[in-house]
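Let me begin by presenting the structure, written as structure tokens, before commenting on it.
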Amino acid sequence: MTPIRDDDPIRSDPREGSSPLAAGVTASVFAESSEPAVRKGMFSIFDQAVVSGANFLTLVIIARACSPAEVGVYALAWTVVMFLAAAQANLISVPYTMYCHQREGGSLAEYGGSAIVHQLVFLAAAAACFIGLAALLSLGVGPSGLRPAAWVLSGVIPFILLRDFARRFSFAHLALETAIVMDVAVTTLQVAGLLVLWRLGLLSPAAVYGVMGAACAVAAAGWWLLRKQPISFSREGIVRDWRRNWSFGRWALTGQMTGLAFYALPWLLAIVRGEAETGKLAACTTLVGLSNLFVMGLNNFLMPKAARAFARDGARALGGVLRKASFASAGVLGSLCVGVFLVGDLVARIVFGPMYADTGTLLTVLALAALTDSLGQTAGAGLWALDRPAANFAADLVQVSVTLGAAIWLVFSLGALGVAIAIVAGRVVGATVRWIILWGLMEHGRRRSAANSYQAIRQ
């Protein structure tokens, strides 16, 4: 693929040299006649249920066994883990997903080997990141309670990120069974280990990350031994593939850099209101995050589905895919918002305990944030399918500016609720910008296609 140019018009016809990436999405969203496609879509939903369930149970166990301040420490460390995981995906996993279907045989095996080497380099950088953070905390910079977790993460972050890479690698090749087995293994080992430590009275944020790293190490080793995709290594290919991936992933990474404010929000809240308030925000975010069962399960297939629709049938087909995904997101997550508004306080008290009984309003606002985020991600998938990742940058920049500005204004008076309101405001603006850009690009492509058809008829 040639480097992306902002002056390139979006074509409404299939691209030369493009290949279908992946097929299938849930039958309730996309009416596919292919039974294997429906089955794969259901596998994706189930796998995301396993991952979301593991994160949810982990937070519940911590909230029940530890204080809100310790939950806040866990959440602060988790923001760094998630930032590194997102950077890894943007630079390695997403480009691999987009390009691996354009290769076959030995070329595909070499591309897989290049991805492995890129991943190993990134793991070393991630470990160095946590070593630096732990050193700063040891000097008295930042929350002192975070220091033990940072030192533990400096040793286990490679395994956590490698498991994420292996999962995305499996999805790229539609090896959903492999991803499911791996995620079930991680969930089982992680939850069992945490329950044992809770029983022994040894649970802490540092211990949680130690158990998580051990579970991910076992799963990653199993993936490497049982994978079916051949992998070979080429010195020239490693450099060449990195340059190609960088030309694609740099825009997503740049957008992520502008999104540093989102990862900084829990830190801002901890500085202004303390780690206990951060812990409440983390607990409510995790509870609402159960909606990821739907959102991430859908998005695991939306991007390749959208890319295939555009490559085969042009902008009109892409619009149909995105429209159905938007309706599904609005229906499911809109219902979630209503339910959280009605019984959010009760659910939080039952799940996390009496210390979280007054969080119903916070939960409702975070549910609205999940809805707007899903709609924004749908538009973002359309921009990826159009091979225009640079177009997401403007939306990212506007979104983070609104979010950070609103958070700084509201956090002093409203605390965690102010942060949640700021997130909603930013996501509404960001989603609006994405849809406007996407609509404009697709309309340009349709007009150009109509003009070409008219010229062909006249000739």
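The values are calculated or read from the model by the stated rules, or taken from the named source; none is laboratory data. Every value quoted in this text rests on a predicted model; they were computed, and no experiment measured them. Note that we place each Cβ from the backbone using ideal geometry, even for glycine, and neighbour counts take in every protein chain shown.
The residue list 374, 413, 401 contains one member that is closer than 16 Å to residue 273 by Cβ and either in a loop (DSSP other than H, G, I, E, B) or among the polar types (S, T, N, Q) (or both), which is 413. What number goes with the only condition from (1) hydroxyl-bearing (Ser, Thr, Tyr); (2) at pLDDT below 90; (3) part of a helix (DSSP H, G or I); (4) not assigned by TED's automatic domain parsing to the domain that holds residue 361 that residue 232 does not pass? Among (1) hydroxyl-bearing (Ser, Thr, Tyr); (2) at pLDDT below 90; (3) part of a helix (DSSP H, G or I); (4) not assigned by TED's automatic domain parsing to the domain that holds residue 361, residue 232 violates only (3).
Which ones in segment 136-151 are surrounded by fewer than 23 Cβ atoms within 10 Å (Cβ to Cβ) and touching a residue at least 60 places away in the same chain (Cβ under 8 Å)?
143, 145
Residues in segment 41-66 that are over 16 Å from residue 194 (Cβ atoms) and either assigned by TED's automatic domain parsing to the domain that holds residue 283 or crowded, with 24+ Cβ neighbours inside 10 Å (or both): how many? Within segment 41-66, residues that are over 16 Å from residue 194 (Cβ atoms) and either assigned by TED's automatic domain parsing to the domain that holds residue 283 or crowded, with 24+ Cβ neighbours inside 10 Å (or both) number 3.
A quick yes/no check of all residues on (1) among the polar types (S, T, N, Q); (2) modelled with pLDDT of 90 or more:
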site	(1), (2)
131	no, yes
140	no, no
145	no, no
148	no, yes
153	no, yes
158	no, yes
161	no, yes
166	no, yes
170	yes, no
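Given the criterion β-branched (Val, Ile, Thr), in a loop (DSSP other than H, G, I, E, B), over 18 Å from residue 48 (Cα atoms) and assigned by TED's automatic domain parsing to the domain that holds residue 209, identify the matching residue among 141, 117, 152, 156.
141
The residues of segment 85-107 that are without any contact (Cβ under 8 Å) to a residue 60 or more places away in the chain and either assigned to a helix (DSSP H, G or I) or buried (at least 22 other Cβ atoms within 10 Å of the Cβ) (or both), listed by number, are 105, 107. Among the residues making up segment 201-216, a single one is assigned to a helix (DSSP H, G or I) and surrounded by fewer than 17 Cβ atoms within 10 Å (Cβ to Cβ): 214.
If you check 126, 172, 134 for being more than 17 Å from residue 75 (Cβ to Cβ) and touching a Cys at 6+ places or on another chain (Cβ under 7 Å), only one passes: 172. Can you tell me which residue is modelled with the highest pLDDT among those in segment 415-459 that are surrounded by 21 or more Cβ atoms within 10 Å (Cβ to Cβ) and more than 30 Å from residue 285 (Cβ to Cβ)? If we take residues in segment 415-459 being surrounded by 21 or more Cβ atoms within 10 Å (Cβ to Cβ) and more than 30 Å from residue 285 (Cβ to Cβ), then 442 is modelled with the highest pLDDT.
Quick one: count up the residues across segment 361-414 that are of a type in the set (A, V, I, L, M, F, W, C) and either within 22 Å of residue 348 (Cβ to Cβ) or at pLDDT 90 or above (or both).
19
For segment 350-370, the set of residues classified as more than 23 Å from the chain's Cα centre (by Cα) and either in a helix (DSSP H, G or I) or outside the structural domain of residue 407 (by TED's automatic domain parsing) (or both) consists of 350, 351, 352, 354, 355, 356, 360, 361, listed by residue number.
Checked against the criterion of being at pLDDT 85 or above and assigned by TED's automatic domain parsing to the domain that holds residue 407, the candidates 347, 332 yield just one match: 347. Can we say residue 219 is among the hydrophobic types (A, V, I, L, M, F, W, C), crowded, with 19+ Cβ neighbours inside 10 Å and part of a helix (DSSP H, G or I)? Considered against the rule, which asks whether it is among the hydrophobic types (A, V, I, L, M, F, W, C), crowded, with 19+ Cβ neighbours inside 10 Å and part of a helix (DSSP H, G or I), residue 219 comes out as yes.
Pick from 194, 226, 269: which is closer than 30 Å to residue 429 by Cα and touching a Ser or Thr at 6+ places or on another chain (Cβ under 8 Å)?
Working: 194 fails: closer than 30 Å to residue 429 by Cα; 226 fails: closer than 30 Å to residue 429 by Cα.
Sole residue among the options that is closer than 30 Å to residue 429 by Cα and touching a Ser or Thr at 6+ places or on another chain (Cβ under 8 Å): 269.
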